[in-house]
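Asks: Below is a structure I'd like to ask you about.
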Amino acid sequence: MRTITSNGATLNVRVDGPDNGPVVLFANSLGTDLRVWELLLPHLPSDLRIVRYDKRGHGLSDCPDAPYKIDTLVSDAEAVIDALGLTDVIFVGLSIGGLIGQGLAARRPDAIRALVLMDTAAKIGSPGMWQNRIVTLQTDGMGSMVDGILDRWFAPEMRNDPTRLSPWRNMLLRTPLEGYVGCCAAIAEADFTESTSQLTLPVMAMAGSEDGSTTPEIVQATASLCNAAFHVVAGAGHLPCVEAPEAVGALITDFLKEVRHV
């Protein structure tokens, strides 16, 4: 376990793989921690230096008082890069992690070599939608929304298998409410439409065919902004790295082959 400090918060960071391997930095989604990538990792090349971290308010990282700013979350990812001395980073961002990746790619073209956008968009939802969610969470707690969130996260086959679904329900319910609400506020204000349209680095985007949060159409629209290749992962919801890790691994591996020669 490693930790770094960014903007007054201590962040939990995990690094795996050879020190001299190509760096892939992962940023997880709202309501999950760095374990969301566990099933995917065996399907990636073994020579990669894999860096994962828990964003503030999630996992083993500190949970400051809400609300959070999207700029702060981008700065946290930047702090991970700088603290570990990372260069030529391939950034893989899921949902809010994809927002962080877009902001970071625009801010730090010197550090980010390529970008993978997974079930995300340049702008996700509307401020009013997120404010309504925040009010409901603060009034009724995560338990009032967990079933609806899981319905958007996973396809029916996964939702109907309690053995597979239970760990993800537990992960969501054990996410600090303050951290979840804080990140909801960050998503509400995030709009990278302009800066993402100006990105020139290699980008690949993907979406689960059954995603109820960021539909394939929404993700494809963001891919079009930055001339990114776009793929639909069949039979997966909002977390295709969980439901279809082999397919996602194959897409990322092929993309890595391309960007290593850029």
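Throughout, read-outs are computed from the coordinates displayed, never taken from laboratory work. Quick caveat, the model's predicted, so the values are computed rather than measured. Every residue, glycine as well, gets a Cβ built from its backbone with ideal geometry; the counts of neighbours run over all protein chains shown.
Asks: Show the residues, 5+ positions off or on another chain, whose built amide H is closer than 5 Å to the amide H of Ile4.
Replies: Leu11, Val13
Asks: In debye to the nearest 20, how big a dipole does the range 153-220 give about its Cα centre with +1 on each Lys and Arg Cβ and -1 on each Asp and Glu Cβ?
Replies: Dipole of the range 153-220, to the nearest 20 debye: 380 debye.
Asks: Additional query: Please list, in order along the range 249-254, the HN-Hα scalar couplings obtained from phi with the Karplus expression 6.51 cos²θ - 1.76 cosθ + 1.60 (θ = phi - 60°), rounded to whole Hz, x for Gly and Pro.
Replies: Here the 3J(HN,Hα) series is x, 5, 5, 5, 4, 5 Hz.
Asks: Considering only Ala77, Ala106, Ala114, give the residue with the highest GNM mean-square fluctuation for the chain, with springs between Cα atoms whenever their separation is below 10 Å.
Replies: Highest fluctuation among the options: Ala106.
Asks: Compute the length gained on full extension between Leu165 and Glu189: take 0.36 nm times their separation in residues and subtract their Cα-Cα distance, giving the result in nm to one decimal.
Replies: Here the segment from Leu165 to Glu189 would lengthen by 5.6 nm.
Asks: What Kirkwood Rh does the chain have if only Cα atoms enter the pairwise 1/r average? Answer in Å.
Replies: Kirkwood radius, the chain: 18.0 Å.
Asks: Would you mind ranking Thr120, Thr87, Thr139 by Cβ crowding within 10 Å, fewest neighbours first?
Replies: Neighbour counts put them in this order, fewest first: Thr139, Thr87, Thr120.
Asks: Using +1 on the beta carbon of Lys and Arg, -1 on that of Asp and Glu, and nothing else charged, what's the dipole of the chain about the Cα centre, debye to 20?
Replies: Roughly 220 debye for the chain.
Asks: Sort Tyr53, Tyr68, Tyr180 so that the residue with the fewest other Cβ atoms within 10 Å of its own Cβ comes first and the one with the most comes last.
Replies: Final ranking by Cβ density, sparse to dense: Tyr180, Tyr68, Tyr53.
Asks: Give the span of the range 49-185's Cα atoms along each principal axis, as three whole-Å numbers ordered largest to smallest.
Replies: That works out to 43, 32, 27 Å along the principal axes.
Asks: Exposure proxy check: Leu117, Leu11, Leu150, Leu173 ranked by fewest other beta carbons within 10 Å?
Replies: Leu173, Leu150, Leu11, Leu117
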